[in-house]
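What follows draws every value from the coordinates through simple rules; no lab data is involved. Since this is a predicted model, take the numbers as computed values, not measurements. As a convention, Cβ positions derive from the backbone with ideal geometry for all residues, glycine included, and neighbour counts pool all protein chains shown.
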Amino acid sequence: MSDAADAADGTQTVRTLLLSSSPGQFDPILNDLRCIIPKSSPDPFDDEFIAGVRSEWEGATRRSILSGKNDEAARHRDSCVSFLRDAMDEYLKRKVALTNARAAYEIIETVDRKIVITVYSEKNDFHNFRAGSLTGTYTFCNSTGSFDGSVHIHTHTFENEANFQLKSKIDMNPIQVGTCSTSDGSEKQSSWADAIIQQIITWEETEVAPKIRDMYNSIETTLKSLRRVMPVTRTKMNWNAMPHRVVQMLEQGLDREKTEE
């Protein structure tokens, strides 16, 4: 294989591995790759190339929302959306306080009178070898009053003896929350915004958390079948501890919120 082909393979390998980075681990993986993959021409660690891959990764995972740039650009004077932003600010402030996660949202209105809310939250607990992100995308159709959504979950727990990741999507069935118009009074617009937030919270408690538990319960048998004897200690991997830690992290904020209520 030619040197040019080797260099191209190195660049593609770096891109593929970085785009597969779990939450909050783009830079640690980049540092590891710098030690593993030799420099070549073109340089797989060129600043412009890495910046492009980072932007692609943050866009694909919606982590870019944490910068707040997209949401700022979409702000305008629509009173319904203004009430929704106020309600989202309070919702997010409470969630961050309860979970100690990094979180942000954006609200975009489409040309067909739909309002799309995207919420991204990320929590890294590297001291306990775990990290996770949750991306919720919710769509409100103002012409019908219908509200639906989906949640993407990416979790990662790791130690010297094991590495466990989960990516999953949970869809929410449409529900009626009523319409909102700029001609409505402030009380009605505020109630509509509160109904949107309450529905998101209800989905988190009744759809997301239970299905996460079910997913881990269903794969327990599969994980046990993957256990192998470690070459040095001659003991088997403790796979059971891995999903346990991930569920604990995902449920931490939810349990604290219920306690405070």
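List of remarks:
- Per DSSP, loop chymotrypsin sites (Phe, Trp or Tyr not before Pro) in region 6-63 with at most 16 further Cβ within 10 Å: PHE45
- Between region 116-172 and region 16-63, the alpha-carbon centres lie 21 Å apart.
- CYS141, CYS35 arranged by Cβ crowding within 10 Å, fewest neighbours leading: CYS35, CYS141
- In terms of distances greater than 19 angstrom between alpha carbons, the cross-link table entries LYS95/LYS169; LYS169/LYS211; LYS114/LYS169 yield LYS95/LYS169; LYS114/LYS169.
- Near THR139: Cβ cut-off under 12 Å, other residues only, Lys/Arg at +1 and Asp/Glu at -1. The net charge is -2.
- Trypsin sites (Lys or Arg not before Pro) within region 102-162: DSSP coil, no more than 14 neighbouring Cβ in 10 Å: ARG113
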